[in-house]
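Take a look at the structure below.
The numbers here are math on the coordinates, done by the rules we state, and not lab data. The model shown is predicted, which means the values in this text are computed figures rather than measured ones. Methodologically, a virtual Cβ is constructed for each residue, glycine included, from the backbone with ideal geometry; neighbour enumeration extends over all protein chains shown.
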Amino acid sequence: MLRGFIAFILCAVLAFPWVSKVAITADFVIHQDYIAKNLCENRDKPEMECGGKCVLMQKLKLTENEQDEPQQLPQITQMECFSFVVNDFTFQPIESLQADSSENLPAPTNRVESMYTHDIFHPPRQA
């Protein structure tokens with residue numbers, strides 16, 4: 001139950017631009033009489049038969065402008081680069097490295113010399 005509710009909320013958030021237009025249109029249909037009588041710009045001109053659609057178009061245009069408006073990213077004026085340089089680097093001979101590395105390695109515990117068996121497996125024959 002809770003997973004379904006969370007999934008519904010996430011889908012609604014992802015589809016927010018579409019959902020917002022549907023919500024605005026549904027609100028207009030529900031309150032169309034009030035909008036036509038009180039909020040419509042053309043309420044004094046009954047011959048236009050606007051019915052409050054001008055308010056609906058304004059609200060839809062406002063939501064489109066909010067969605068189309070690109071987000072302003074901060075301008076990068078300078079770039080900082082850090083470098084790390086080792087000044088006192090010394091080379092060691094390869095022999096000393098090999099001697100050191102073999103002394104520090106642990107001995108292998110499970111030694112398998114070969115994965116191949118000496119005999120070739122033949123499946124049983126049908127009689």
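One residue stands out among those in segment 1-24 that are over 21 Å from the mean Cα position of the chain (by Cα) and β-branched (Val, Ile, Thr): the one that is nearest to LEU56 (Cα to Cα), which is ILE24. Step by step: first the residues of segment 20-39, then only those that are touching a helix residue (DSSP H, G or I) at 6+ places or on another chain (Cβ under 6 Å) and of a type outside the set (Phe, Trp, Tyr), then the one that is farthest from ILE9 (Cα to Cα). Which residue is that? That would be LEU39. Filtered by the rule that a residue be surrounded by 15 or more Cβ atoms within 10 Å (Cβ to Cβ) and free of Cβ contacts under 8 Å to residues at least 12 places away in the same chain, segment 19-51 gives a lone residue, ARG43.
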